[in-house]
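To start, the structure itself, in C-alpha cells.
The values are calculated or read from the model by the stated rules, or taken from the named source; none is laboratory data. Bear in mind that the values here come from a model prediction, so they are computed numbers and not experimental data. Cβ: placed from backbone, ideal geometry, glycine included. Neighbour counts: every protein chain shown. Just the protein is used for accessible areas: all its heavy atoms, side chains included, with ligands, DNA and RNA removed. Shrake-Rupley method; radii C 1.70, N 1.55, O 1.52, S 1.80 Å.
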Amino acid sequence: MAADPDSKMVFTIQEYLSGACLPTFRRSTTRCLTTASRLRALTWPEYPELQRPHGARPLKEVERSPNIKFTALAEAYFSSLQPAELNASDYIDKECPLRLASPRYVTYETDDVWFFKNIDNEQMFVTLVQDYVLNTVSESLRAIRRHALDSPEAAALRFQNVSRLCTAHHARWDIFAL
C-alpha cells in the first residue's frame, strides 16, 4: 500500500476519511469462513468466571437512544474539530498507517490485493481488522490530536491485541485496546 504520489501533497483527515473504505474483493477460493463456523456448530460459551451473581450488577437503568441521535452527536463533534492536515509526503515509501483505500490518497498494491482475495481463516480476518481498520482509526486520532508521526503520544494511540488478559479457558474472541 502506498500513498498516491500524484495526490495533493497536503490533505485533511476529513478528506481522506470521507472516501476511505475496505474494498470488495471476490474470493479466490470456494471455501468460505461461514462454512468453518457451521462445521464447529458451537453453542454460546458459558464461562462461570465471567458470570456475576444475580442482582450484583451495578447497572440500574438503561437509557436507549435512537441511532439517529448518536449519528447527529458524532457529526456535531467532528464538525466542531479544526481540520487536521496531513502531508502525503510523510506516507510515501513508508509503512503507511492509513491502511484503508481512499480515492486520490491511498491505493492498494499487489500484496494487499492478494491478501484481501485470500482471507480464509479467523487469524487473517483479525489481521485485516487490526492492520487496516484499527491502524487507520489510530492514525486518524493521532492527526486529530496533532501528535507528531513518531512521537510517544502517537505510539500510545496504537491498538494492541490484549487477548492474553482474558482468563477464560479456550476464549474464542480477540480483544483490542488502546
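Take T29 and tell me if it is surrounded by fewer than 10 Cβ atoms within 10 Å (Cβ to Cβ), outside any helix (DSSP H, G or I), at pLDDT below 65 and hydroxyl-bearing (S, T, Y).
yes
So, of the residues in the stretch 108-130 that are open to solvent by 50 Å² or more (accessible area, probe 1.4 Å) and of a type outside the set (S, T, N, Q), which turns out to be nearest to P23 (Cα to Cα)?
Step by step, filter the stretch 108-130, then rank; the result is K117.
Kindly indicate which of S89, S79, S138 is at pLDDT 80 or above, at negative phi, outside any loop (DSSP other than H, G, I, E, B) and surrounded by 10 or more Cβ atoms within 10 Å (Cβ to Cβ).
The unique qualifying residue is S138.
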